[in-house]
Structure formats: structure tokens, C-alpha cells
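The values are calculated or read from the model by the stated rules, or taken from the named source; none is laboratory data. As the structure is a prediction and not an experimental result, all values here were calculated from the model. Glycine gets a Cβ as well: all are built from the backbone with ideal geometry, and neighbour counts include every protein chain shown. Keep in mind that these areas ignore ligands, DNA and RNA; they rest on the heavy atoms of the full protein, side chains included. Shrake-Rupley method; radii C 1.70, N 1.55, O 1.52, S 1.80 Å.
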Amino acid sequence: MAGVVEQRSIDVVPDDERHGSAVSQFTLWLGANLQITAVITGALAVVFGANAFWSLIGLLLGNLLGGAVMALHSAQGPRLGLPQMITSRAQFGVRGAVVPLALVIVMYIGFFASGSVLAGQAVGELTHLGETPGIVLFAAVTAVAAAVGYRLIHTLGKVAGLVCALTFVYLGIRLLQRTDLGTLLADHRFGLPVFLLAVSLSASWQLAFGPYVADYSRYLPRHTSARATFWWTLSGSVLGSQWSMTFGALAAAAAPGAFVGHEVGYIVGLGGAGLIASVLYFVIALGKLTINILNTYGGFMSLVTSVSGFRGQRTLTPRGRSAYIAGIMVAGTAVALLGKDSFLTSFKDFLLFLLTFFTPWSAINLVDYYLISKERYDIPALSDPTGRYGAWNVRALSVYVLGVLAQLPFLATHFYTGPLVAPLGGADVSWLVGLAVPAVLYWLVARRDTARTAPPAAPREDPQTAGLGG
């Protein structure tokens, strides 16, 4: 059992425990994206005004752009052997990293909740218990699987990827039997605001994986090619998400009245009744289980990283691990139960609002890792508030805050719209600002810091695997 249940948390994975190949990132992220919440995300582009033709193009563009950023984070895993968010200590300080970490934890709880709403509907129908018991049951299963850890997560990704891919092929055929694809794509009228909304929705979907993507590549052998890790992660995530989002956009365009607000019921009804319906409910729950485990596991890692920055704790007892995971589960389930009746609008605003906080973090982390530190970190100093990276890096935190504030004039959500949105025709380009502004500002600030630009020598390794250009 000890070989199945993961023993490590935020500590470095030693070389003798590394295993697998970069292809595992493809199967994991394909399985994580072939699921109903991605379907809903694609549908939102149509629901909020874009035609199917430009929705699909916008969604693809956003998936590629956001996916590239996300995959650059994934490539850090084999090199460092660390969870993603602990590397934020190199930019923000051992304790200063708690600022983006707190927001990341909120993100995980939000995604856990949104996934539980949809999966709870499927579990409730499958078990005949109803939606609320279905949400609670699904959340409990998620927490148990997350406690088992890394190996189970990758195994489940492979299974879910295969099962969900076959299911989406079947559902795609059924959808095309009910509607004419040429008719759905006949409207080519272009509207910049709704096109950019489609781009933002899919980009935010991909960027939201950034704070935990290296958690699932950190067990790969140190010599694993960064290029291979990047491309396998990117291809799996973009293929899975675009496939799901395309189905969602076409379904929303074909039957907006039947689909919107009844997503799970529509998909199951599209497939059939009786045994087929039961199978589809199971597949919906399986797809959501995969991604919700990632959210629970990522939330657990982030919470431990936050606490350990102040307590100096690097390892956890099994009881402590279970307590952290249970906390994430309880918080996410509570949000799910409170927000299940206003899911669609709330989820769209949640996705776009997340971009405001995670694009500056991604920009700073990637500039620091690839351009400033040259893919090398002083790993012991990541746990020492008096060491190389200090307790609080005020300059990096200031850049992060400026990156968030710079986006506000361009942000368009249900509860807040910036003053520059109207002059742009209602388009939301905040995420582009959130990537560019902090990237430039952090590079200007960090390159003058000699402690940051002269990292310690890394262990010897094959130069062909050292970087994306290797």
C-alpha cells in the first residue's frame, strides 16, 4: 500500500523515485480536459453572443496561447522535482509567496465547486439520490482519490482519456445526426468583442492550470527533455479542451434553449435512454472526477506551501495530509451547494476574474525561471526565510500588484466593467495586459538583482535535455 499512496508533498522528489516519460503528460491532460466543464466553457462563447464559426476559431486561439504558457510551467517539473507553487518563493520570497498562493487556493476551491455541481447532477441521476447528495458523494470520492496521490491521478487520467474520447466521438455523431454542421457554421459575421470573449474563455481555462501543472511532471526523471515535456503537455491539453469546447459550442448553437441551464440532461438525452443514459452519467462523473482530483491535490499542495513558509515544515504525516485535503473538500462542497442554482453566469465571471490574478503570476514565474535564473534555483533556500530569496520580495510583490491593477481598466465581468472596455467595443483584453506588463516590469527589476542573476550551478546533465531549445 505504501507504494501506491504517495508519501511526498512539497519536498523535492529524489532521483531514485523518479519514473515515467513525458508522454504521461499527454494522457493526463487529455483526460483532464475531455469533460463537461470544458464543454460548458465552449458553449459560453455562443451563449454570450458569438456565432459558432468564430467561436471555434477564438477558442482554438485561446487554447493555443494559454496552453503554451501552461506547458512552459510543466517543463519546470522534471528539472526541479518540486510542486509548481513552491517555486514562487524564488520570486516573491519564502513568505511573500503566500500572496499568490492564497488566490490559487481560492481558485482550486472554485473549480472544485463548479465541477462538483455538474458531476453532482450526474451522480444524483445515476444513483437516484438527487443533486445535493450527488454533490456530497462526488466530493467525498474526490478527496479519497486525492489522498492516494500521484500514481492514481495519472492512472485515472489514462482511463478517463480513453473512455471520454470514445464517448465524445459517439456524442459528436449523435449531435451531427440531429443538426446540419454546414448550417451551424454558415454565419461568418465577425464581432471583435465576442470573438475576444471566446479567446479569453479558453485562454483562462488553460492559464488556470499553470499554478499546478508541474505538480504532475515533477516525478519525471531529471534527464527528461524539457522540449518533450512542453509539447506533450501542450498537445494533450489543447486537444482535449478544444475537442470538448467545440462540442459545447456546436451544442449551444444547435439547441440553445434545450442546452443552456440543462447541460447534463441535454448531453445524456443526446446519447439516448436506459442503459446508454446510465453510461453517460457515469462518464460525466468520471471526467469530472479526474479534474476535481487535480484541483483537490493542487489545493492541498498550495495550502501546505503557504503554511510551511511560516512554520518551516517540509513533510507531512498521513493524518496531516488527510486533514488538508478534507479542508479543501469541505470548502469546495459548501461553495458548490450554495452556488448551484446560478452556475452558468457565475462560472463565466469566475473564469474571467481568475485571469486577473493568474496572468501576472505566470508572467513573473516564467520570466524569472527562463530569463533571470536560467532554469536553476537554489532549492534549499526555497525553505529558508533568511536565505537567498528572503522572506518577502517587496519588488516582485509590487510588480505583481501593478500587473493586477493594470488589467482593471480592460476587465469586463458581470460585477465589474473597466472604463476602457466600452472604447474597445466591449472586448476584454485584460489577460493580454496581465501577461505583458508584469513580464516587462519584472525583467527590468530582477535583472539588476545580482543575487537573482547568479544562481548556483545546477547538477551536471545532458545538454540536449537542459532547455526547450536543447
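A few comments on the model shown:
- When restricted to residues that are over 21 Å from LEU59 (Cα atoms), open to solvent by 10 Å² or more (accessible area, probe 1.4 Å) and in a helix (DSSP H, G or I), region 5-26 contains 5.
- Here GLY210, GLY248, GLY240 are screened, and the one residue that is on the phi < 0 side of the Ramachandran plot and touching a His at 6+ places or on another chain (Cβ under 7 Å) is GLY210.
Residues checked against (1) touching a helix residue (DSSP H, G or I) at 6+ places or on another chain (Cβ under 6 Å); (2) of a type in the set (Phe, Trp, Tyr); (3) open to solvent by 50 Å² or more (accessible area, probe 1.4 Å); (4) at pLDDT below 80:
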| site | (1), (2), (3), (4) |
| --- | --- |
| VAL98 | yes, no, no, no |
| GLU125 | yes, no, yes, no |
| PHE138 | yes, yes, no, no |
| ALA143 | yes, no, no, no |
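- Residue check for THR132: surrounded by fewer than 24 Cβ atoms within 10 Å (Cβ to Cβ), touching a residue at least 24 places away in the same chain (Cβ under 8 Å) and in contact with a Gly (Cβ under 8 Å, 6 or more places away or on another chain): yes
- ALA336 being modelled with pLDDT of 80 or more, open to solvent by less than 20 Å² (accessible area, probe 1.4 Å) and part of a helix (DSSP H, G or I): yes
- Region 164-205, subset in a helix (DSSP H, G or I) and among the aromatic types (Phe, Trp, Tyr), residue most open to solvent (accessible area, probe 1.4 Å): TYR170
- Any hit, region 102-118, residues being without any contact (Cβ under 8 Å) to a residue 60 or more places away in the chain and not in a helix (DSSP H, G or I): no
- Selection status of LEU201, modelled with pLDDT under 90, aliphatic (A, V, I, L, M), under 28 Å from ILE364 (Cβ atoms) and out of contact with any Cys (no Cβ under 9 Å at 6 or more places or on another chain): yes
- Qualifying residues in region 207-255 (those that are outside any helix (DSSP H, G or I) and among the charged types (D, E, K, R)) - the one least open to solvent (accessible area, probe 1.4 Å): ARG218
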